[in-house]
1. I'm told residue 405 meets every condition in (1) at pLDDT 95 or above; (2) charged (D, E, K, R); (3) surrounded by fewer than 11 Cβ atoms within 10 Å (Cβ to Cβ) except one. Can you identify the failing condition by its number?
2. Which residues, taken from the range 262-283, are of a type outside the set (A, V, I, L, M), in a strand (DSSP E or B) and either within 19 Å of the chain's Cα centre (by Cα) or not assigned by TED's automatic domain parsing to the domain that holds residue 221 (or both)?
3. Going by the structure shown, is residue 433 touching an Asp or Glu at 6+ places or on another chain (Cβ under 9 Å), of a type in the set (A, V, I, L, M), under 26 Å from residue 105 (Cβ atoms) and modelled with pLDDT of 95 or more?
4. Is it true that some residue in the range 146-156 is in a helix (DSSP H, G or I) and polar (S, T, N, Q)?
5. Would you check if there is a residue in the range 202-211 being assigned by TED's automatic domain parsing to the domain that holds residue 11, among the polar types (S, T, N, Q) and either touching a His at 6+ places or on another chain (Cβ under 7 Å) or buried (at least 17 other Cβ atoms within 10 Å of the Cβ) (or both)?
6. Taking the range 284-328, which residues are assigned to a strand (DSSP E or B) and charged (D, E, K, R)?
7. Pairs under 9 Å by beta carbon, first residue closer than 16 Å to residue 381 by Cα and touching a residue at least 24 places away in the same chain (Cβ under 8 Å) in the range 456-471, partner of a type outside the set (Val, Ile, Thr) and assigned to a helix (DSSP H, G or I), six or more apart or different chains?
Amino acid sequence: MKTVFILMDSLNRHYLNAYEPSWVQTPNIDRLAKKGVVFDNHYAGSLPCMPARREIMTGRLNFLESRWCPLQPFDEAYPKVLSQQSGTYCHMITDHYHYFEAPGFGYHTPFRTWEFIRGQEGDHWQPRVKDPEIPVYRGKNRRQDWINRSCMNLERDEDYPTTQCFMRGINFLQNNHDQDNWLLHLEVFDPHEPFVCPQKYRDLYADTWSGAYHFDWPNYAPVDPEHEGPDAIEHIRKSYAGTLTMADVWLGKLLDKMDELDLWKDTTVILTTDHGHLLGDYGYWAKNYMFDYRKLAHIPLIAYRPGSPMNGKRVEALTSTVDLMPTLLELHGAVPSGHVQGKSLAHLLQKDGKHHDAVLYGYFAKDITLTDGRYTYTRQPVRDSVAYHHTATPVVSDPAQTGYDNAELGTFLPQTSMPVYRVAEASRRHYNAPEHHLLYDIEQDPEQTSAIRNPALEDQYASKLRQLLMQYQAPEWQFARMGLR
């Protein structure tokens, strides 16, 4: 078996025609969706970037026990398990520079070989002592990002890291198509912000932005109606669409190479993302701080497997990011350990059916949300409660990774006997959170505009949340933090 696992960052499901009619042009994602299986009820688990990737690697819910952190020495990462159990050659191609920073380091090391394409966002890439010229702008600003842009021809596709990732992926297929038992982990940062692409892609959407400031990277903050009116929101959405379409064009070239090499007969292709991204929706930019809207957690998953009876069809079963790791293992004849919390999706490629009855998603130390596909139930932490980050690899060089001077050291995690640091961190509620927990009927109210107040139903979902926390081996302090003792 051969597998191409494609991960795009911040890919909004509601911008894809495979899921709902969209004004965004993604003909190659559509092409893969028609060829493969579209999962209609797939959800993120741990957000944002690196917590999601640790979950993909290990099949465990990261956010219940750790914040953004390096891959741990005790983690059962899927490339390592595949190498040990089935001798599968695993190769990574990525431009996701967080893999190579101290707070998220080590995720590339389980792969037999790997390629890192430089230049995305604030990647410390091109060296310039002199400050770059920076236009009048709104939103985020990183000195290194302006330097990186200055070293590119922004009107040439091939100068973009996402494009270069797909080009390297095409080279991998060309060089290895006649071999068996390999997995290509092909990961592109786009359409993650900043939303930069050649003008020809924005022209597809008639982006006529002529604001008084440069704007392609909104702050992680509520929309400022005084300075970020409907025209600014429209511009950002079109810039996102252009960035996504550029990525789609080059995905198409990879799929063309699969056509040319007749790889569809013996190669599985999986396409998904880590989470969504708000583009002015509900009055917010980005992710992390607001209520965890379904638009952030209800994510795309498309899978093609040669000979699958479900190819060209849709799966209604409830699935989660934790399921990807055991799926990749099963595809290559390996078996997950008892520490893996996800369940392989391979049976759903044969026939739609039961999978999870409910799944959890959220951020470390923040709210926890449960969905069963009909309702979402978001439980907020008890005021002044404490969460504990667990790690065997403390990152003291990062200002955000503080508190190790008061850390405990012990065997706190069920999946390892290795001593780990346990670091206290204050719980937090989402921005503008009410005093009550939030229950939504997403069948009747998919945009989650009006929370239901139904004590009996809330108690039912609180009980189910407690059950899932036990099932996922959540630390005892999580039950106290969520008021579920």
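The values are calculated or read from the model by the stated rules, or taken from the named source; none is laboratory data. Worth saying up front: this structure is predicted, and the values here are computed from it rather than measured. Please note: Cβ atoms are built from the backbone with ideal geometry, for glycine as well, and neighbour counts cover all protein chains shown.
1. (1)
2. Our first condition is that a residue be of a type outside the set (A, V, I, L, M); within the range 262-283, this holds for 262, 264-268, 272-277, 280-283.
Narrowing the set further to residues that are in a strand (DSSP E or B) leaves 267-268, 272-273.
Within the range 262-283, 272, 273 meet the criteria.
3. Details: touching an Asp or Glu at 6+ places or on another chain (Cβ under 9 Å): yes; of a type in the set (A, V, I, L, M): yes; under 26 Å from residue 105 (Cβ atoms): no; modelled with pLDDT of 95 or more: yes.
Criteria not met by residue 433.
4. Within the range 146-156, the first condition is being in a helix (DSSP H, G or I), and the residues that meet it are 146-150.
So of that shortlist, the ones also polar (S, T, N, Q) come out as 148, 150.
Yes - at least one qualifying residue is present in the range 146-156.
5. no
6. Quick first cut of the range 284-328, residues assigned to a strand (DSSP E or B) only: 284-286, 298, 301-304, 314-320.
Across the range 284-328, the qualifying residues are 314, 316.
7. Matching pairs, first to second residue: 469/64; 469/478; 469/479.
Let's see how each residue does on (1) touching a strand residue (DSSP E or B) at 6+ places or on another chain (Cβ under 7 Å); (2) assigned to a loop (DSSP other than H, G, I, E, B); (3) not assigned by TED's automatic domain parsing to the domain that holds residue 53; (4) not aliphatic (A, V, I, L, M):
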| residue | (1), (2), (3), (4) |
| --- | --- |
| 330 | no, no, no, yes |
| 354 | yes, yes, no, yes |
| 382 | no, yes, yes, no |
| 387 | yes, no, yes, no |
| 418 | no, yes, yes, no |
| 421 | yes, no, yes, yes |
